[in-house]
Structures are given as C-alpha cells and as structure tokens.
Amino acid sequence: MGVFPSGAKGLLHSMQIRKQFKFESAHVLPHHQGKCARLHGHSYRLDVAIRGPIRTSGPAQGMVDDFDTIAAIVEREVIDVLDHRSLNELMDNPTCEIIIQWIWARLKDHLAGLDELILWETATSCAVLRATDFA
C-alpha cells in the first residue's frame, strides 16, 4: 500500500517541522518609555522549526527529526534556563527581538536544520527569526 494516491509523485525530499514550547519569565525594559520599564512578566510561547530531508533509515526513518529529540534539546538549552527567571540576569535589554536572538545562539549548534524561531510574548505580539535572515 503506497503513501500517495494513485498517480502522485514520490516522497518529498525536504520539509519543515515545528514544535511549540512555553515558559514564564519576568523582565524590565530599561529603555522603554512606557509601562514595560517596570518589572513585569509574560507567558512566552516558542515555536521551533527545523528544515531537512526526510530520513530514509534509522530510528527516525520517515521523519525530518524526532520530536522527542528536538524537545530534549530545546528544554535543556532554552526552557530550563529561561523558565521562571528574570531575563535581565541574562541580557541587558531583553526585548522580544533580543531574546529570540539569544535563543537562536543557544540552539544553532545543537539543532541541525534550525530554520525558524517564533517567540510569542503575548497572544498577539511576536518576533520571527529565520535562517535566511543570516544570509
């Protein structure tokens, strides 16, 4: 039994997969002219996207990567460090844009094919960083 309907072409050679994470952190934006200059917190949501070939052998056969492997790396390198922490302990001006760059730096050597991060500071406000932004 095939994967595709009759007449469809073969498997894709590359695609993007995503996994979501959540963490709670506090920060102060020292240069902000409004209420964000005071100590406050957010329930952040982090979307991590990996791009790569679909594996043809091994335990991750048929996958770009194992979601459990991605989770273990992101939790160790990012979530365990940022969750329930004052972000000002790690960076001077922890805006969403600076936090996402910090996260990228922590993950880039551990996640082959890191393609995109989206950091949601609120339900309606996020920063997006893509591998193509570094080209």
(request) Sort out which residues of the stretch 111-127 are in contact (Cβ under 8 Å) with a residue 12 or more places away in the chain and loosely packed, with under 15 Cβ neighbours inside 10 Å, and write them in order of number. (result) Ala112, Thr122, Ser125
(request) Filter the stretch 53-72 for residues that are more than 17 Å from Gln20 (Cβ to Cβ), in contact with a strand residue (DSSP E or B) (Cβ under 8 Å, 6 or more places away or on another chain) and not hydrophobic (A, V, I, L, M, F, W, C) and give the result. (result) Pro53
(request) Can you tell me which residue among Glu24, Glu75 is assigned to a strand (DSSP E or B) and either touching a strand residue (DSSP E or B) at 6+ places or on another chain (Cβ under 9 Å) or basic (Lys, Arg) (or both)? (result) Glu24
(message) Can you tell me which residue is surrounded by the fewest Cβ atoms within 10 Å (Cβ to Cβ) among those in the stretch 94-110 that are under 14 Å from Ile70 (Cβ atoms) and under 10 Å from the mean Cα position of the chain (by Cα)?
(response) Leu107
(request) Would you mind finding the one in Glu121, Glu116 that is among the acidic types (Asp, Glu) and more than 15 Å from Arg18 (Cβ to Cβ)? (result) Glu121
(request) Only residues that are of a type in the set (A, V, I, L, M), out of contact with any helix residue (DSSP H, G or I) (no Cβ under 8 Å at 6 or more places or on another chain) and free of Cβ contacts under 8 Å to residues at least 24 places away in the same chain: list them for the stretch 71-96, please. (result) Ala72
(message) Can you report the number of residues in the stretch 50-72 which are surrounded by 14 or more Cβ atoms within 10 Å (Cβ to Cβ) and not charged (D, E, K, R)?
(response) 10
(request) Please work out if Ser86 is touching a strand residue (DSSP E or B) at 6+ places or on another chain (Cβ under 7 Å) and of a type in the set (Ser, Thr, Tyr). (result) yes
(request) Tally the residues that are β-branched (Val, Ile, Thr) and either assigned to a helix (DSSP H, G or I) or at pLDDT below 95 (or both), restricting the search to the stretch 91-135. (result) 5
(request) Would you confirm whether any residue within the stretch 34-47 is within 18 Å of the chain's Cα centre (by Cα), exposed (fewer than 12 other Cβ atoms within 10 Å of the Cβ) and free of Cβ contacts under 8 Å to residues at least 60 places away in the same chain? (result) no
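The values are calculated or read from the model by the stated rules, or taken from the named source; none is laboratory data. If you're wondering where the values come from, they're calculated on a predicted model, not measured in any experiment. Note: ideal-geometry Cβ built from the backbone for every residue, glycine included; neighbour counts use all protein chains shown.
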